[in-house]
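Student: Here it is, the structure, as structure tokens.
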Amino acid sequence: MTIKQAVYVISSPSVETCPKPEKPEYAFIGRSNVGKSSLINMLCNKEGLAKTSSTPGKTKIINHFLINNAWYIVDLPGYGYAKISQSQRRQWEQMIENYLRKRENLVNVFILIDSRHTPQANDLEFVHKLGKWEVPFTLVFTKADKEKPTVVERHVKAFLDKLRETWQFLPRNFVTSITKKQGRDEILNFIDDCNKAVKEKQNEI
């Protein structure tokens, strides 16, 4: 897939104020500082599209980006938040849950996981939540260039092994690097396949 156009559309404080659910949608979420905005910019080949920040927890609302006038990338607030109040945290959690469970045109959620670390409890917890809610997702291991390949491979395997303890089938996963654009083509091809499947399903109706 070639991305010819990627434009920011709207930032929404709730699922009710998101754009009309008329186009396929792909959400990106992960712990604060996992490199979410950088990954979105890399996929779209457009620096500055999603705002990056050295301050964790910068994304506070649901951000929509329209791709090729045909589908959306959605930048969601992170979990494992920065220093915020309990009430603010609960508000974010509720907003994210409402979006993930109610958004009818949501095709897939990309859960971003920092490949430099061993399995983290809040990543595993979030994966299990999506499983419980029956929300389709894939895993994206980020920052692969920041560690030796053997370390990245070990951490990815450890995470998948953790999932094997309770999951019969493992989700699809991608390993990415912003600097090397590793994983870009694979993720875009996956989205392209999903879009084709959505169109085929619509044609059957």
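Bear in mind these aren't lab numbers, they're just calculated from the coordinates by the rules spelled out. Since we're looking at a predicted model, the values are computed, not measured.
Student: In whole percent, what relative contact order does the stretch 6-196 give with Cα contacts below 8 Å and a gap of six or more residues?
Tutor: Values: 308 pairs, mean separation 43.5, N = 191.
That works out to 23 percent.
Student: Can you list the residues, at least 5 places off or on another chain, whose amide H is less than 5 Å from the amide H of Phe137, using H built in the peptide plane?
Tutor: So Phe137 has HN proximity to Val109.
Student: With the contact rule set at Cα under 8 Å and sequence spacing of 6 or more, what percent relative contact order holds for the stretch 77-177? Please report the intermediate quantities before stating the final value.
Tutor: Values: 96 pairs, mean separation 29.2, N = 101.
For the stretch 77-177, the relative contact order is 29 percent.
Student: Ok, one more. Most mobile of Val34, Val156, Val135 per a Gaussian network model of the chain (Cα springs, under 10 Å)?
Tutor: The residue with the greatest mean-square fluctuation here is Val135.
Student: Tell me, what is a quarter of the convex hull surface for the C-alpha atoms of the chain, in nm² with one decimal? Present the calculation step by step, with values, prior to reporting the outcome.
Tutor: Details: hull surface 46.1 nm².
The directionally averaged projection comes out at 11.5 nm².
Student: Amide H to amide H, which residues 5 or more places from Ala6 or on other chains are under 5 Å from it, using H placed in the peptide plane?
Tutor: Sorted by chain and number, the residues that satisfy this are Asn68.
Student: Another question, then. Quick one: of the DSSP bridges fully inside the chain, what percent are antiparallel, nearest 5?
Tutor: Details: 12 of 32 bridges.
Among the beta bridges of the chain, antiparallel pairing accounts for roughly 40 percent.
Student: Rank Lys36, Lys60, Lys148 by mean-square fluctuation in a GNM of the chain with C-alpha springs under 10 angstrom and give only the top-ranked residue.
Tutor: For the chain, modelled as a Gaussian network with Cα springs under 10 Å, the answer is Lys148.
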